[in-house]
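Just below is one structure, and these are the notes that go with it.
The values are calculated or read from the model by the stated rules, or taken from the named source; none is laboratory data. Every value quoted in this text rests on a predicted model; they were computed, and no experiment measured them. Cβ sites come from the backbone with ideal geometry, for glycine too, and all protein chains shown count toward neighbours. Quick note on the areas: whole protein, heavy atoms, side chains included, nothing else; ligands and nucleic acids left out. Shrake-Rupley method; radii C 1.70, N 1.55, O 1.52, S 1.80 Å.
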Protein chains: 2
Amino acid sequence: MKDELEALDNEKPPPELQLAANKQHKGYAVVDLPATGKERLVVLGSGWGAVSLLKTLQADLYDVISISPHNYFVFTPLLPSVTVGTVEFRSVMEPIRRILKRTRGRYIEAGAVDVDFEAKMVLVEKQGQFMWVPYDRLVVGVGAQSVTHGIDGLQHCHQLKSVSDARSIRQHIMANFEKAVLPTTSLEEKRRLLTFVVCGGGPTGCEFAAELYDLLVEDLVHYFPETIQGLVNVVIVQSRDHILNMMDQKVSEFAEDTFSRRNMKVITNSRVARITESSIFYTSKDLEGNVTEHEVPQGFVLWSTGLSLTPFTRLICDRLADSQKNRHAITVDDHLRVKGISDGSVYALGDCATVEMPHLLEHIQELFDSVEHTNTGEITRDEFEVFIHSTARKYPLAAGHLKELGVHFDDFDADGNGVICLSEFKNMLVHVDRSLTALPALAQVADQEGAYLGRSLSILAKTFAETSDNAHSSVHDKAIQPFNYHHHGTLAYLGRAAAADFGGGYTYRGSNLAAKYLWRSTYWSMQVSLRTRLMLAMDWTRELLFGRDISRF
Amino acid sequence: MKDELEALDNEKPPPELQLAANKQHKGYAVVDLPATGKERLVVLGSGWGAVSLLKTLQADLYDVISISPHNYFVFTPLLPSVTVGTVEFRSVMEPIRRILKRTRGRYIEAGAVDVDFEAKMVLVEKQGQFMWVPYDRLVVGVGAQSVTHGIDGLQHCHQLKSVSDARSIRQHIMANFEKAVLPTTSLEEKRRLLTFVVCGGGPTGCEFAAELYDLLVEDLVHYFPETIQGLVNVVIVQSRDHILNMMDQKVSEFAEDTFSRRNMKVITNSRVARITESSIFYTSKDLEGNVTEHEVPQGFVLWSTGLSLTPFTRLICDRLADSQKNRHAITVDDHLRVKGISDGSVYALGDCATVEMPHLLEHIQELFDSVEHTNTGEITRDEFEVFIHSTARKYPLAAGHLKELGVHFDDFDADGNGVICLSEFKNMLVHVDRSLTALPALAQVADQEGAYLGRSLSILAKTFAETSDNAHSSVHDKAIQPFNYHHHGTLAYLGRAAAADFGGGYTYRGSNLAAKYLWRSTYWSMQVSLRTRLMLAMDWTRELLFGRDISRF
Ligand SMILES: Cc1cc2nc3c(=O)[nH]c(=O)nc-3n(C[C@H](O)[C@H](O)[C@H](O)COP(=O)(O)OP(=O)(O)OC[C@H]3O[C@@H](n4cnc5c(N)ncnc54)[C@H](O)[C@@H]3O)c2cc1C
Ligand SMILES: Cc1cc2nc3c(=O)[nH]c(=O)nc-3n(C[C@H](O)[C@H](O)[C@H](O)COP(=O)(O)OP(=O)(O)OC[C@H]3O[C@@H](n4cnc5c(N)ncnc54)[C@H](O)[C@@H]3O)c2cc1C
């Protein structure tokens, strides 16, 4: 392993990027990328999607340029642990320059602000300096931002998206404890300082709340007076009727149960109305539909609700308004190509993208004819089996649902005559189409999309090298299978307890140390590099031996 | 070890501190400390001196209250390593609440702003809240601050005193590299961004410069283009004629030599005149005494010059102006009691204090009579030996010099008659007095003073418990030996090389990996807790395997 690293290290970094002399585009300088015979692959973002692509792409096929305002990848699932000191900052970060080493990619620390799809250039900005970066292929993996719901006072909230967010959260928590314990602080103020509110009952909010609780009962309890500990309040405000509502119901009930046994307050069916420096206001509806407003004095608020487009991705969608109707993400086809770009040179993945689900109904005649060979206008049980398998291959994103259907032939054979007629077939397609929901905004989705795109682009580069075909899209379609997603389950850490939803109704709920270590080993094997994996093991050993760090810096 | 930690952890933290009801002193609330029969020991600061005291003090003898604006101890010698990512933030920090656990001490996160020596109370402040904390004994270990020499533009400089300083330095360095490599950055600007200036050629400045150089040649070289690397400039501006001038001359020459071989620029005999956002101006004198001003465009300046009083310690000195003449530190006697406090209830130690050196000349008659028993008015060689030993015992801070004198009897026997007369004796005392210089502002001094005071206070508490004598000072003097300092040498890391000055002319200069590990093992054994020691070992292993972290967060 050390040798491997050294071998990599001994390769020199690629030469510096320069501006093209005397060249401007729409008023800004253009980066000069000397022709090397390879296509220029520009990757925006250094998150799950982009990094997974960079790790999968074969070396030496493209001139790779990575652009992101953050020069590191963050292992987001462990950010809640970082906020309370169980895990170190650096254990969840990996420098992007290190990741780029293998493909000899270049890195520009800047943010994309515009694209010119005709000229094939991205405009990037850093501290008021702008430049155009030309591309042959562009991958957009810039993530999403929190929805604000137009709420006043969000400047008083923390978010948890980056390592610096995690740091300021940690400082804030410890500062509140130190302030609460001062003799000059009134009882009411102590209570306020020690009320931690989480807006949003999704996995991030719940995991943060659980980690906070762990910090309290496992560590602070040894260092702060009992009277102070008794004043701590962890509150989760959730607009739906359950927390973790995207997971199996058994999981979300288990979570609510676990939290309530810990004196954490879960307020459901409530909407945050506004936030001030020292309070949060939320409204709830009673059964008669009467809305009442409540005030909770708070010392800390985490804002962790749904996702929306960033200014940059909104601009892309507006540009391609004819093909882009979704309000929350860039729509891509099943090869992850952005809809509306005719030559297929722009891809999007991760939280900023949503893969268009197949609409089987649109292909009803074609699908029906492809299996109904006997010209009876009816599909037999055997033909149905064939249909399931061939369609699953063609539309892999529908495969899961189609395969579940296989055993339910009888459900769709409404008249019970042992065969399926066209109208019965139509009902079935409507059912399948309806059950296909967008892929969730999860690291595992971004990760699989990135790996898929890394492999696709590697195949493409070789295919093009062998053909003179310029119709990129058709070559693309022929050479590469559509994207397929495998759900590995969702795991939430609930404080000395973990709940997992593996899909298809399989769940795990455990509340002992084993749960904690199941959870840990899962993350451990997901870690991006050997370095971060080892560091994580060290962090956990340290926590086990010495507890969390309670200093504030 | 784990058991030990757990045993500690199972003890409950002491109850919360409260304000005394209806009690005010000079307009501010007073903290209520219920009588427990023990003396109240208030310790200001959580640095080397204070922590060493808290670690040495026996448990259960005092009601301990620790007050510091930072709730952690920092292992300062490794701060330069933290700035470049060789060592992790948390490996050099230890939470003060953990340190206080053994003595069941209380902690207040606040800064001392005033003392009322008559009422025996310290006024502390936190974010505009003030309160008086009563004490029976007060220890001042609040450290010092950098001298500014009245220079304009210090707001453009970094300092390196705390962990947050180290973090902002690290961010700044990486930001400059990322900015320098942008195609939009002009060559001149790249050069400026990559010019790192260190003001002050003391150990901190030199170690930082060396670490920066290591980062460059060991890590950044693998990730940044060669052209950029060629533009890096590390400049040290020193007012004296050598860097590391407090160490042996051989050491400082070795350092200059090492640095110049590395293309680091050492500018001596030069004074910084002013600093702007993008330049540093310094003046130098040529041999004729002509002063010229020079400008160096810079992307980063570290200000690391001498020390001076903080506002709080200046106030103490002003209060006790009759006994406090030193401009740079609080003068304490050889028991570390602040001069001018008649009941000896206030101590000071570390960088904020200076131990008054013995003035043997003032005691000439007494000293002469105590050895000259033969009434000849002359001291024989044997009597001289006795004098050396008894005086060294009485004035331990002079012991080192006195013992060196022992072999030089002949030097002081000016007329060569084999005995020393009163006037020869006087010359000798003048010589000894002159050679006794103030103890340096070093961690090892603060550490030894803290340990001494921890032991002294433990003895005192027991002595008082046995006597009814109220004359504290005289009991103190009888029960406890004066403070004695053992210099363990000064070590400076110079980048894959280390130089050590062990005093008495013994030096070590090595420039290979062995030097690096000598240096490391020295620090390792100095680390405060088992936790930080283990973490440090992990950090170094990590660096060895994976290099430093180059992400910026
Ligand atoms: C606290 C937290 C916990 C989570 N836990 C889990 C979990 O347990 N399991 C799970 O599956 N998912 C989890 N997620 C969700 C997961 O992190 C996201 O789904 C995933 O990060 C999406 O990857 P991405 O590449 O699309 O975007 P991100 O990982 O968000 O990366 C976006 C990247 O784009 C960069 N960028 C932003 N704007 C620009 C621009 N204009 N130009 C160029 N670059 C730009 C950013 O710097 C960043 O590097 C969690 C998320 C959070 C915040
Ligand atoms: C970067 C660096 C490297 C160094 N390397 C070495 C080395 O290699 N070897 C060596 O021997 N020495 C070294 N030193 C010097 C050494 O750190 C100091 O001599 C030592 O820290 C002095 O200890 P102290 O307890 O007096 O003060 P500090 O350790 O400076 O602690 C002062 C404490 O007082 C607190 N405080 C400040 N104001 C107040 C207030 N008003 N009220 C209450 N608390 C207050 C601070 O928060 C802090 O906790 C280095 C110093 C630095 C900055």
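Structural remarks
- Across peptide B:122-135, the mean count of Cβ atoms from other chains lying within 10 Å of each residue's own Cβ comes to 2.
- Ranked order, A:VAL232, B:VAL92 - accessible area, probe 1.4 Å, largest first: A:VAL232, B:VAL92
- Virtual spin-label span in nm between A:LYS426 and B:THR463, 7 Å along Cα→Cβ: 10.4 nm
- Protein-only accessible surface order, largest first, of A:TYR347, B:TYR282 at 1.4 Å: B:TYR282, A:TYR347
- Pairs over the 21 Å Cα-Cα cut-off, from the set B:LYS12/B:LYS462; B:LYS339/B:LYS478; A:LYS403/A:LYS426: B:LYS12/B:LYS462.
- Heavy-atom accessible surface of B:THR376, to the nearest 10 Å², is about 80 Å², with a 1.4 Å probe and all protein chains retained.
- In the context of the full set of protein chains, residues of the range A:156-305 present 39 Å² of accessible surface per residue (probe radius 1.4 Å, heavy atoms only).
- If you count Lys pairs in the range A:156-305 whose Cα atoms are under 26 Å apart, skipping same-chain pairs closer than 8 places in sequence, the total is 7.
- Derived scalar couplings ³J(HN,Hα) [the range B:125-131; Karplus, 6.51 cos²θ - 1.76 cosθ + 1.60; whole Hz; x for Gly, Pro]: 9, 9, 6, x, 9, 10, 7
- Sorted from nearest, the other copies put their A:SER342 label points 9.9 nm away, the label point being 7 Å from Cα in the direction of Cβ.
- Between A:GLU293 and B:HIS363, the simple label model (points 7 Å from Cα in the Cβ direction) yields a spacing of 7.7 nm.
- Among the protein heavy atoms of the range A:360-435, carbon and sulfur supply 52% of the accessible surface, probe 1.4 Å, non-protein parts ignored.
- Cross-link partners for A:LYS26 among the lysines, with Cα-Cα distance under 19 Å and sequence neighbours closer than 8 places in the same chain left out: A:LYS120, A:LYS126.
- Rg and Dmax of the range A:90-188, both derived from C-alpha coordinates alone, stand at 20.6, 66 Å.
- Normalised by the number of residues in the range B:360-434, the mean separation of alpha-carbon contacts (under 8 Å, six or more apart) gives a relative contact order of 39 percent.
- Each copy carries A:ASP257; placing its label point 7 Å along the C-beta direction from Cα gives inter-copy distances of 7.5 nm, listed from smallest up.
- Share of carbon and sulfur in the accessible heavy-atom surface of the range B:15-140 [1.4 Å probe, %]: 48 percent
- Computed label-point distance, nm, for sites A:SER342 and A:ALA438 using a 7 Å Cα→Cβ extension: 2.8 nm
- When A:LEU307 is represented by a point 7 angstrom out along its Cα-to-C-beta vector, the spacings to that point in the other copies are 5.1 nm, nearest first.
- Solvent-accessible area of B:SER164 with every protein chain in place, 1.4 Å probe, in Å² to the nearest 10: 50 Å²
- Computed lengthening from A:ALA35 to A:HIS408, 0.36 nm per intervening residue step minus Cα-Cα distance: 128.6 nm
- Cα convex hull of the range A:181-334 - mean projected area over all directions, nm²: 13.4 nm²
- In sequence order, the range A:101-109 has phi-based couplings of 3, 5, 8, 6, x, 9, 10, 10, 7 Hz under the Karplus curve 6.51 cos²θ - 1.76 cosθ + 1.60, θ = phi - 60°, and Gly or Pro positions carry x.
- Largest first, the residues B:ASP477, B:ASP116 sort by 1.4 Å accessible area into B:ASP477, B:ASP116.
- Placing unit charges on the Cβ atoms of the charged side chains and taking the dipole of the range B:171-316 about its Cα centre, the candidate lying farthest along the positive direction among B:LEU215, B:GLN229, B:PRO311 is B:PRO311.
- Exposure of B:LYS55 as accessible area (Å², to 10), given a probe of 1.4 Å and all protein chains: 90 Å²
- The residue among A:MET131, A:MET174, A:PHE196 whose Cα reaches farthest toward the positive pole of the charge dipole of the range A:126-281, with charges on the beta-carbon of Lys, Arg, Asp and Glu, is A:MET131.
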